[in-house]
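The values are calculated or read from the model by the stated rules, or taken from the named source; none is laboratory data. In this text the structure is predicted, and so the values were computed from the model without any measurement. In this analysis, Cβ positions are derived from the backbone assuming ideal geometry, glycine residues included, and neighbour counts consider all displayed protein chains. Heavy atoms of the whole protein, side chains included, go into the accessibility calculation; ligands, DNA and RNA do not. Shrake-Rupley method; radii C 1.70, N 1.55, O 1.52, S 1.80 Å.
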Amino acid sequence: MSKKRGLSLDEKREKMLQIFYESQDFFLLKELEKMGPRKGVISQSVKDVVQSLVDDDLVSKDKIGTSVYFWSLPSCAGNQLRNVSRKLDSDLQTSKKRYAQLVEQCEELKKGREESDEREVALADLKAIELKHHELKDELAKYRDNDPAAFEAMKEAIEVAHASANRWTDNIFTLRQWCSNNFPEAKEQLENMYKEVGITDDFDYLELAPVPLKAVAD
């Protein structure tokens, strides 16, 4: 024996509307939750179904005192459907008008663009100009590394890196002096440690050699 299929949301909405139309009365939510199962709508889903009807203006809702009442009359639903129909008709007329305007604009744009020998020549010239433009852009990119602005930016970056390197060199000398002053008995161990990390006897500040512009250009 097959299991009975549950109602869809649209079917639940229709069943709840039947309660309103048949009674043409006002209801509290708890009353609707008791009446819903008689139409096949479980009480737990009545609240959401009724709210969906309220959202679509098929059911009215109002607070009277401390209670909230729901109601709907067949005439109210008819008015709502007529309002929707008028709205759709208005949208349709607007869409038709917009379509006519677009067709007219399309026809206007076609003027002067009819196929002809002159048009073919003009299009060929335009294509040749665009091709030449791309070639010049590619050629310009080859010389970008020699751009004076790029060269100045590179010089500034080198100067910053040079200053930073010498600042760390100064820090290392300061640290070595501090270690020598505070751990004179460990002089040999410190010297071995310095060599292991690359601090040899010729360790010194970096000299910044000038970079000639001609060398960069080459």
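Restricting the range 195-214 to residues that are more than 30 Å from E156 (Cβ to Cβ) and at pLDDT 75 or above, which is least open to solvent (accessible area, probe 1.4 Å)?
Filtering first and then ranking leaves T200.
In the range 104-116, what residues are modelled with pLDDT under 75 and part of a helix (DSSP H, G or I)?
Answer for the range 104-116, where residues must be modelled with pLDDT under 75 and part of a helix (DSSP H, G or I): L109, K110.
Tally time: how many residues in the range 41-75 are without any contact (Cβ under 8 Å) to a residue 40 or more places away in the chain, loosely packed, with under 14 Cβ neighbours inside 10 Å and assigned to a strand (DSSP E or B)?
Residues that pass the stated criteria total 4.
For Q101, are the conditions met, namely being modelled with pLDDT of 90 or more, on the phi < 0 side of the Ramachandran plot and either polar (S, T, N, Q) or open to solvent by 70 Å² or more (accessible area, probe 1.4 Å) (or both)?
no
For the range 146-166, which residues satisfy the criterion of being exposed (fewer than 11 other Cβ atoms within 10 Å of the Cβ) and not small (G, A, S)?
Of everything in the range 146-166, those that are exposed (fewer than 11 other Cβ atoms within 10 Å of the Cβ) and not small (G, A, S) turn out to be P148, E152, E156, V160.
For R176, are the conditions met, namely being of a type in the set (D, E, K, R), within 12 Å of Y205 (Cβ to Cβ) and out of contact with any Gly (no Cβ under 6 Å at 6 or more places or on another chain)?
No, not satisfied.
State which residue is nearest to T66 (Cα to Cα) when the search covers only the range 1-40 and only residues that are touching a strand residue (DSSP E or B) at 6+ places or on another chain (Cβ under 9 Å) and open to solvent by 100 Å² or more (accessible area, probe 1.4 Å).
Residue satisfying both the conditions and the ranking: F26.
Would you confirm, using the coordinates I've provided, whether A157 is in a helix (DSSP H, G or I), modelled with pLDDT of 75 or more and under 24 Å from E207 (Cα atoms)?
Yes; evaluated as a whole, the condition is true for this residue.
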